[in-house]
Amino acid sequence: FTAHRHMKIFNTHSNSSTITGFLLLGFPCSRQGQILLFVLFSAVYLLTLMGNASIICAVRWDQRLHTPMYILLANFSFLEICYVTSTVPNMLANFLSDTKVISFSGCFLQFYFFFSLGSTECFFLAVMAFDRYLAICQPLHYPTLMTGHLCNILVGSCWVLGFLWFLIPIIFISQMTFCGSRIIDHFLCDPGPLLALTCQKSPVIEFVISILSPLPLIIPFLFIVGSYALVLGAVLRVPSAAGRRKAFSTCGSHLAVVSLFYGSVLVMYGSPTSEHEAGMQKIVTLFYSVVTPLLNPVIYSLRNKDMIKAMQKFLGM
C-alpha cells in the first residue's frame, strides 16, 4: 500500500522532462513498522560502531598487537565503520521521513562511497589473505617480508585503489539526464535502478559500468582462493595434527569473514532473476552491508585469544 501511494504521488510529476532528486523506497510498510525498523537498525548500527571501535582501540593500546596481522585488522574495522555509515544513517532518516527523497548530489555521493568502500573491503580481504599466506607458507621469512613499511604500503594501496576504481562510473552517471519516475526501489542508490531512470540509454556507459563493477570483486576473490590453496597445501604437509590445527586456527576468522561477504554477494549476482528480484536484492545487500560489519568483530574476537585478552584489558574486565 505504501509503495503504491508513493508511486501515485511521484507519477504526478512525471510529465516534467527532468527531475531534481530521487525517492528511495526502502522497506515500505506502515508507520508503526517504519518506527520499529528505525529502532532495530539504530541498535544494529550502534553495536557495529562499538564492536569495530573496540577492536581499533584494543590494537592501538596493546603493544602485543602491534603486528601486521592486527594492524590490518584495525584498518579493516575502521573500514567497516565507514562502510556501514555510508548507508545506515540515511536509511534511518528515511524511516522517519514522509517523503524519503534524496537529492541528486546525495544519491551520487552515496553511490560513490558505498561502492568505493565495498571495493576497498575486497582489496583488504585479499591483503589479509596474503598476510596469512606469508605467515604459514614462509614462517621463517615472515618478519623480514611483512615489515611495517610493506604493511603501510598495502593498507594505503587498498584505500587508494578502492576510491579510484569507481571514479569513472560515478562521473559518467552524474552527467546523465534523468526523466520520468524518480522512484528507486532500494534503500540505497544502486547503479542498476539509476541507469533505468535515464532519459536516453547509453550502451557504452552501461558496458563500461558492467565491466568495471565486478572486477574489484572477482580479482581479489581469485587472489584469496589462490592464497588459501597454497596455505592448504602447506598445512597438509605439517606432520603433527596439533600443528595443522594451529595453522588452520590462524586463518579461521578471515575465512569466516570472506565466506560471509562473498557468499552474500554471490547469492545476489549469481542467483537467477525472479519476480521478487528487487526484494531479494534489498535483503542480500542489507546482509553484506549491515549485518556482516556487525558480525565481523564478534568473529575476530571469539576466535582469537590475544584479541580477547586485549579487549578485556581495554574494557577493564
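When the Cα atoms of the chain are enclosed in a convex hull and the volume is divided per residue, what value in Å³ results? Could you put the intermediate results ahead of the total?
Numbers: hull volume 46.9 nm³, N = 317.
Dividing the Cα hull volume of the chain by its residues yields 148 Å³.
Compute the distance from the alpha-carbon center of region 55-129 to that of region 214-266, in whole Å.
Between the Cα centre of region 55-129 and that of region 214-266, the gap is 23 Å.
Once amide H atoms are placed 1.01 Å from N in the peptide plane, what residues at a sequence separation of 5 or more from ILE183, or on another chain, have their amide H within under 5 Å of its amide H?
Counting only residues 5 or more places away or on other chains, the set is LEU23.
What are the membrane-span-like helices in the chain by this rule: whole DSSP H runs, Cα extent along the axis at least 18 Å, mean Kyte-Doolittle hydropathy at least -0.5?
Taking the DSSP H segments of the chain (at least 18 Å long, mean hydropathy at least -0.5), we get 31-61, 68-85, 104-137, 148-165, 215-236, 241-270.
Could you tell me which residue out of PHE187, TRP61, LEU72 lies farthest along the dipole of region 21-315 toward its positive end? Charges go on the beta carbon: Lys and Arg +1, Asp and Glu -1, centred on the Cα centre.
Value: TRP61.
Given a 1.4 angstrom probe, I'd like the percentage of the accessible area of region 21-315 that is carbon and sulfur, rounded to a whole number. Provide the component values of the computation, followed by the final result.
Working: 10030 of 13970 Å².
The value for region 21-315 is 72 percent carbon and sulfur by accessible area.
Out of ILE168, VAL225, VAL267, whose Cα points farthest toward the positive end of the dipole of region 21-315 (charges: +1 Lys, Arg; -1 Asp, Glu; placed on Cβ)?
Checked the options; the winner is VAL225.
Distance check, please: which entries in LYS246/LYS282; LYS100/LYS282; LYS282/LYS309; LYS282/LYS305 exceed 28 angstrom between their Cα atoms? Intermediate results must be reported in sequence, preceding the final value.
On the way: LYS246/LYS282 39 Å; LYS100/LYS282 16 Å; LYS282/LYS309 37 Å; LYS282/LYS305 36 Å.
Over 28 Å apart, Cα to Cα: LYS246/LYS282; LYS282/LYS309; LYS282/LYS305.
Keeping all protein chains in place, calculate the accessible area per residue for the chain (probe 1.4 angstrom), answer in Å².
Details: 15800 Å² over 317 residues.
Spelled out: the 1.4 Å probe surface of the chain, per residue, equals 50 Å².
With the contact rule set at Cα under 8 Å and sequence spacing of 6 or more, what percent relative contact order holds for the chain? Mind showing how you got there, number by number?
Working: 338 pairs, mean separation 87.7, N = 317.
In percent, rounded to a whole number, it is 28.
Show me the ranking of peptides 216-228, 24-36, 143-155 by mean Cβ neighbours inside 10 Å, starting with the highest. Walk me through the numbers on the way to the answer.
Values: 216-228: 17.5, 24-36: 15.9, 143-155: 14.0.
So the order, starting with the most tightly packed, is 216-228, 24-36, 143-155.
The values are calculated or read from the model by the stated rules, or taken from the named source; none is laboratory data. Note that the structure is predicted; figures quoted are calculated from it, not measured. Quick reminder, even Gly has a Cβ in these numbers, built from the backbone with ideal geometry, and neighbours come from all protein chains shown. To get the accessible areas, we keep the full protein, side chains included, count just its heavy atoms, and leave off ligands, DNA and RNA. Shrake-Rupley method; radii C 1.70, N 1.55, O 1.52, S 1.80 Å.
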